[in-house]
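Everything below concerns the one structure shown next.
The values are calculated or read from the model by the stated rules, or taken from the named source; none is laboratory data. Small disclaimer: the values here were computed from a predicted structure and weren't measured. Don't worry about glycine lacking a Cβ; one is built from the backbone with ideal geometry, like all the others, and counts go over all protein chains shown.
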Amino acid sequence: MKLTEEEKKTALIITRQILKEFNGNRGNLIPVLQQVQNKLGYVPPVAMEEMAAHFDIPAVDVYGVLTFYNQFRLTPPGKNQVKICMGTACHMRGAHTIQEAWERRLNIKVGETTEDREFSLERVACVGCCTMAPVVVINEQVHGKVTPTRVDGLLFSYQLDKQQTKEGGTE
Amino acid sequence: MEVTITIDGKQIKARKGTMLLWAALDNGIYIPHLCAAREETESPPASCRLCFVEVEGYPAPVTACTLPVAEGMVVNTSSERVNRLVAAGFELIMSNHRLDCKNCPANGNCELQRIAKARKLRLKPKNLPVLHRDLPVDDSAENIVYDPSKCVLCGRCIRACRNHGQSVVGFARRGFERVVTTCGDVPLGESGCDSCGECVKACPVGAMSLKKK
Ligand code: FES
Ligand code: FES
């Protein structure tokens, strides 16, 4: 997924702003990553390089910390955020198959965002409705007993929704 | 200051504070090891778990790369407990190492082969299933080929790269997904790597190799 120049610029400005509040102690790296992630929703390469320079560490080390934790994203979240539950119950009920179905359908891997920015894919731990396993949460809506065919259906209904709002908008 | 210690019944002298692993190696006593580096005196990573030895007075085997020598230390480099630990550690490493000795550039000069020979271990795991990560081979750099499926995550190339004044490679991700990679996983050829080849020299296996001319 490509970032626009505009996005890179904002990312740089925001990262610099956040870094101003921290001294060069490398122990501050994680709080900085968290704040950038909170502000932008993700941490792009330009931000990583800026942090590396600030803390005087190799950029690849920032990347190492960032990829170690699940809470950080490398790409901007999509308009629709698909969260696949990987909790114990969902895992036992085939969450992996569901994950594969989403990945195949959207043609992206977990943690990524589709080229058109419509969908992003994430794995989460138990979302608290194990009886409905396997569970997928799209934006705030919970979908239970998901099967690979349901994945197709869900995608279709989101595309339909989108079309309707588009048509509605032109009227 | 020098101290005298006994390893496998042999008396050796070593500088006080040296890690036991180096004292043994310097005196021709082989202890399997992958992740240790001489220059790392502060806190060795001690992540490969292959350098276990038995030391008198210690209730359990200890990693030789983290134990500074002290006067009168009596060490046994293999005991049943040690062998069990080393065998298990080795098998874990081999369970996701792509074994292809015949076509491997490190064949005959591979630390894994050496360990297997020294400790009479099999290269192919017999208790654990083999799980390959099937990561693509990166041959984008001018004269380095990097095959992550052969990497044992010892971290030697990372150190070598940094000692050379570069910081192209590092560790990323976690658990089974852990890899040595560049920032943003860009191919080596686009990472600013100048193909100095230090990582190749440092790699104990065949993960980093020189391109065949
Ligand atoms: S494990 Fe998925 S909802 Fe509990
Ligand atoms: S050399 Fe001691 S743990 Fe790796």
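Data overview
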item	result
Spans of strands (runs of 3 or more DSSP E) in the stretch B:1-78 with at least 2 residues within 16 Å of ligand 1 (Cβ to nearest atom)	none
Pairs where the first residue, in the stretch A:55-83, is within 9 Å of another protein chain (Cβ to nearest Cβ) and the second is of a type in the set (K, R) and not in a loop (DSSP other than H, G, I, E, B), C-beta under 9 Å, 6+ apart	A:I57/A:R26; A:P58/B:R162; A:D61/A:R26; A:N70/A:R123
Of residues in the stretch A:84-117 being under 22 Å from B:D185 (Cα atoms) and within 14 Å of chain B (Cβ to nearest Cβ), the one surrounded by the fewest Cβ atoms within 10 Å (Cβ to Cβ)	A:K109
The stretch B:190-213, subset surrounded by fewer than 15 Cβ atoms within 10 Å (Cβ to Cβ) and assigned to a helix (DSSP H, G or I), residue nearest to the other protein chains (Cβ to nearest Cβ)	B:E190
Residue in the stretch A:142-155 that is within 14 Å of chain B (Cβ to nearest Cβ), more than 16 Å from ligand 2 (Cβ to nearest atom) and modelled with pLDDT of 90 or more present	no
